[in-house]
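Read-outs: derived from the displayed coordinates by stated rules, not from any lab. Keep in mind the model is a prediction, meaning the values are calculated, not measured. Here the Cβ positions follow ideal geometry from the backbone for every residue, glycine too, while neighbour counts run over all protein chains shown.
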Amino acid sequence: LDAARESGRRAYELDRAHVFHSWSAQAQLKPMTILGAAGSYVWDGDGNRLLDFSSQMVNTNIGHQHPKVVAAIAEQANKLCTVAPAHVNDARSEAARLITERTPGDLDKIFFTNGGADAVEHAVRMARLHTGRRKVLTRFRSYHGGTDTAINMTGDPRRWPNDYGAAGVVHFFGPFLYRTEFHSTDQQQESERALAHLESVVAMEGPQTIAAIVLEPVPGTAGIMVPPPGYLEGVRALCDRHGIVMIADEVMAGFGRTGKWFSINHSGVTPDLITFAKGVNSGYVPLGGVAINGEIAATFADRPYPGGLTYSGHPLATAAAVATINAMTDEGIVDNAARIGAEVLGPGLEKLAEFHPSVGEVRGVGVFWAVELVKNPHTREPLAPYGGSSAAMSEVLGACKKGGLLPFANFNRIHMVPPCNVSDSEVAAGLEILDSALAVADTFVD
Ligand code: PLP
């Protein structure tokens, strides 16, 4: 352990000297070192063990170092590390088969990318070429990636410094009852009013100018808002009425996170395109992609698709996907996520909400839960402002970490997003640590 700590310290020094980090003011950073990880746990630079209920970037859906996936990557590395995307490769072919077996409807073709943002870029490119239209509608309170089109589609403050207003993106409000834009009093009303709002936006923008409506069926980083009954069905009907391509961004919610293979499977809706990444191979090797329906695939049957990547369908990444999907299937990992959400994590969080005035709302499904922290449960004033942080949130997160829990955090929210194969006792341990941290949050309540 001492040797590991020493190499961790050296890595930290080199990081601060030479590594330029994402989304950050470089001089203000104190990044956490991770020396190792296994299953639902990580070890920090001092050798402390923490429950990883962030799943890193909400992507280690089968936990850390799953032996079957590690072995598959090693085996593929020994066999064939890389081939050009134009060639046939057995790992890529099998990954595409396994993914299309799990997508709804006739989304039977896969275009592989390196991650989520480029999956979104390509899905939008396909929709634009398919429809001959340019405009794209996306939600406020969303994240779609850090590249040019994807960041302009994003409905969170990370877009602001990147937005030159030229990307052809228009934002709308989705349903979010706790912070309703529509003065709704229940989920049914929120669903209907959010749909009426979207219909108005489409009418005002000109339906014949809109290529696609892109949404996360369950928005992730933006707050894990499970859609109310009828909402996704309504979006589908609106798209059908106007020949608009419906794109479901399943980058975070897909591959078991919500207790189903894709979060849109909780509804009966079949989108035209699905973007995926992260959980497809538990993030062990970078991989993303677009699942394409028959109609859009046919557009590019005799007309070349104008896009590609050196690493499209990279053998190491797709071999990891094959092993991940097979392990998830063989070990009942998606069902475990559903059961944990319904029987352990969900009820546990709801119980904490009863006793902690700082908890405005808990919401989620599967292993995808948000805890919305407030300074005042009546006014719902958040514990950190939209787009910002606060001393209170830092203290709460510090208490989690000190207790041995690493959650995912965004503004005033703590997300409890463990791997899909988390055990009951690990969830119980995580809830106990969160309980103590929420006592710290309670001290900030007016
Ligand atoms: N779409 C969604 C819903 C995401 O959550 C993310 C990443 O968090 C992305 C797209 C971008 O994915 P990547 O960071 O792999 O480019």
Problem - Neighbourhood charge, 12 Å Cβ-Cβ cut-off, centred on residue 426 and excluding it, Lys, Arg +1 and Asp, Glu -1 - result: -2
Completion exercise
About its Cα centre, region 61-150 carries a charge dipole, from +1 on Lys and Arg Cβ atoms and -1 on Asp and Glu Cβ atoms, whose size in debye to the nearest 20 is 480 debye
Exercise for the section: Can you tell me the dipole magnitude for region 270-399 around its Cα centre, using point charges on the Cβ only (Lys, Arg +1; Asp, Glu -1), in Debye to the nearest 20? Expected result: 260 debye
Handout entry: Highest to lowest packing among 159-165, 223-229, 7-13, scored as the average C-beta count within 10 Å
Key = 223-229, 7-13, 159-165
Problem - Amide H within-cut-off set for residue 134, under 5 Å, with H built and near neighbours excluded - result: 211
Handout entry: Options 253, 357, 266, ranked by Cα towards positive dipole end of the chain, top entry (Cβ charges)
Key = 253
Fill in the blank from the handout: Sorted by chain and number, the residues with a modelled amide H under 5 Å from that of residue 41, at a separation of 5 or more or across chains, are 52, 64
Handout entry: Hydrodynamic radius of region 67-330 per Kirkwood, over alpha carbon pairs, in Å
Key = 18.7 Å
Exercise for the section: Calculate, in nm to one decimal, what residue 74 and residue 97 gain on full extension: separation in residues at 0.36 nm each, minus their alpha carbon distance. Expected result: 6.1 nm
Problem - Backbone HN-Hα couplings from phi across region 248-257 [Karplus 6.51/-1.76/1.60, Hz, Gly and Pro as x] - result: 9, 8, 9, 4, 8, 7, x, 6, x, 3
Practice task
May I have the pair-distance distribution P(r) for the chain, computed from all Cα-Cα distances with 10 Å bins from 0 and rounded to whole percent?
Solution key: 4, 21, 31, 28, 13, 3, 0
Practice task
Assign unit charges at the C-beta atoms only (+1 for Lys and Arg, -1 for Asp and Glu), then state the dipole size of the chain relative to its Cα centre in Debye, rounded to the nearest 20.
Solution key: 940 debye
Handout entry: residue 305-residue 237 pseudo-label distance in nm [points 7 Å out on the Cα-to-Cβ vector]
Key = 3.2 nm
Handout entry: Under-5 Å amide H pairs with residue 287, H placed in peptide plane, nonlocal only
Key = 278
Exercise for the section: Please find the FRET efficiency linking residue 162 to residue 30, where r is the Cβ-Cβ separation and R0 is fixed at 22 Å, and quote it to the nearest 0.05. Expected result: 0.30
Handout entry: Leading residue at positive end of dipole, the chain (Cβ point charges), from 129, 104, 35
Key = 129
Problem - Whole-Hz couplings from phi, Karplus 6.51/-1.76/1.60, listed for region 427-441; x for Gly and Pro - result: 5, 4, 5, x, 5, 5, 5, 4, 3, 5, 5, 5, 4, 5, 4
Fill in the blank from the handout: For the table 109/278; 351/401; 351/375; 68/402, the rows whose alpha-carbon distance is greater than 24 Å are 68/402
Practice task
Between residue 181 and residue 16, take the C-beta separation as r, use R0 = 41 Å, and let me know the FRET efficiency to the nearest 0.05.
Solution key: 0.45
Problem - Hz values of 3J(HN,Hα) by residue in region 333-341 - Karplus curve (6.51, -1.76, 1.60), Gly and Pro given as x - result: 6, 5, 5, 4, 4, 5, 5, 4, x
Exercise for the section: Would you mind telling me which residue in 369, 23, 261 has the biggest mean-square fluctuation in a Gaussian network model of the chain, where springs connect alpha carbons within a distance under 10 angstrom? Expected result: 23
